[in-house]
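Below is one structure; the comments refer to it alone.
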Amino acid sequence: MPKTVLRNGIRLHHLTVGDGPNLVLVHGITGNLAVWHLQMVPLLANRFSVLTYDLRGHGYSDMPATGYDADTMADDLLQLLDALEIERPMIVGHSYGADIALYFAHLYPERVSRVVAIEGALPALVGARNREEWEGWSYWVDMLERSGVQVPDDKRADVVYLLKASLVVPKKWGPLNGMPRNPAPYLRLVDETTIARDYERVGSLPLEAVSEIETPVTLLWTVGSAFMGTHDFLAGALPNVRSVLLPKTEWGHFGPLEQPEAVATEILSAVEVQSR
């Protein structure tokens with residue numbers, strides 16, 4: 001269980017598998033590096049040296065009280081790459097991990113070769129998501145209720161309530177499909193850290209700065225995604241962008257778990273297309 005102590009004192013848990021050009025996979029909120037190892041890493045390790053790691057507050061990494069905004073998370077990644085002597089990898093991020101990858105490309109363009117952003121949300125668009133009529137609330141509530149969790153009417157646009165409710169939904173993928181989760185570590189993350197407000201902090205990447213990201217970016221979204229508004233904004237604002245829409249699936253937001261072969265194919269395509 002390798003861990004690296006960053007310059008800021010945080011210990012991050014990480015794994016490296018495979019051989020080839022460097023590829024970093026960044027998970028989302030309440031995930032951990034294991035989400036990539038279920039299916040994605042086996043599909044990619046024959047082509048890349050794949051680095052996965054637990055974000056601060058997740059998995060086996062340290063859980064400080066603060067520092068969960070995308071700027072700080074991007075700096076954690078920079079420090080990890082420095083420690084591991086990885087110079088200019090390709091970065092693939094899912095959900096909040098996609099936001100972190102975009103922030104990284106904006107802050108440290110010389111340290112990333114290309115980005116694949118999967119179903120990101122973008123903190124600067126949080127205003128649109130705070131509307132009670134945002135389609136994402138209905139998507140989230142539907143996912144919970146199909147999993148047997150009833151959501152009261154007055155909680156259907158309450159992000160903290162929905163996040164905590166999601167932690168009791170049984171596992172849906174891999175050999176432990178259907179088994180109960182252990183929600184305790186992530187309840188602690190929500191209750192004892194600043195993550196609930198930090199993930200909305202815009203920081204260095206307001207909407208007008210997105211066009212400054214010159215790194216080649218592939219946008220990978222699922223048809224019908226609740227975050228299509230983010231996709232459409234990024235597709236119009238990024239100067240070096242390629243957009244791919246994957247077929248609609250049962251849950252929609254979880255491409256690396258629901259259709260890993262398609263995601264792996266598009267990661268390889270990003271290398272080939274943007275290397276021309």
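Just a few scattered comments:
- In order along the range 81-89, the Karplus-derived 3J(HN,Hα) couplings, from 6.51 cos²θ - 1.76 cosθ + 1.60 at θ = phi - 60°, round to 4, 4, 5, 8, 6, 9, 8, 8, x Hz, and Gly and Pro are given as x.
- Compactness index (Cα Rg / 2.2 N^0.38 Å), the chain: 0.94
- Note that the range 143-160 has calculated 3J(HN,Hα) couplings of 4, 5, 6, 5, 9, x, 9, 7, 10, x, 4, 7, 10, 6, 10, 9, 5, 5 Hz, one per residue in order, obtained from phi through the Karplus relation 6.51 cos²θ - 1.76 cosθ + 1.60 (θ = phi - 60°); glycine and proline are x.
- Descending semi-axes in Å of the range 223-276, equivalent ellipsoid built from Cα gyration tensor: 20, 17, 6
- Computed as a quarter of the hull surface, the mean projected area of the alpha carbon convex hull for the range 6-96 stands at 5.4 nm².
- Projected label distance in nm at Thr194 and Asn8, using a 7 Å step from Cα toward the beta-carbon: 1.0 nm
- Share of alpha-carbon pairs per 5 Å distance bin for the range 140-276, given as whole %: 2, 8, 13, 15, 18, 17, 14, 9, 3, 0, 0
- For GluC sites (Glu not before Pro), the sites in the range 165-250 that DSSP calls loop and that have at most 10 other Cβ atoms within 10 Å are Glu250.
- Packing, as the average of other Cβ atoms within 10 Å across residues, places the peptides 135-148, 224-237, 27-40 in the order 27-40, 224-237, 135-148, highest first.
- Separation between Cα centres of the range 208-265 and the range 59-137, rounded to whole Å: 14 Å
- Normalised contact order of the range 1-128, rounded percent, pairs of Cα under 8 Å and 6 or more residues apart: 25 percent
Read-outs: derived from the displayed coordinates by stated rules, not from any lab. Model, not experiment: these values are computed from the prediction. Reconstructed Cβ throughout: ideal geometry from the backbone, glycine too, with neighbour counts over all protein chains shown.
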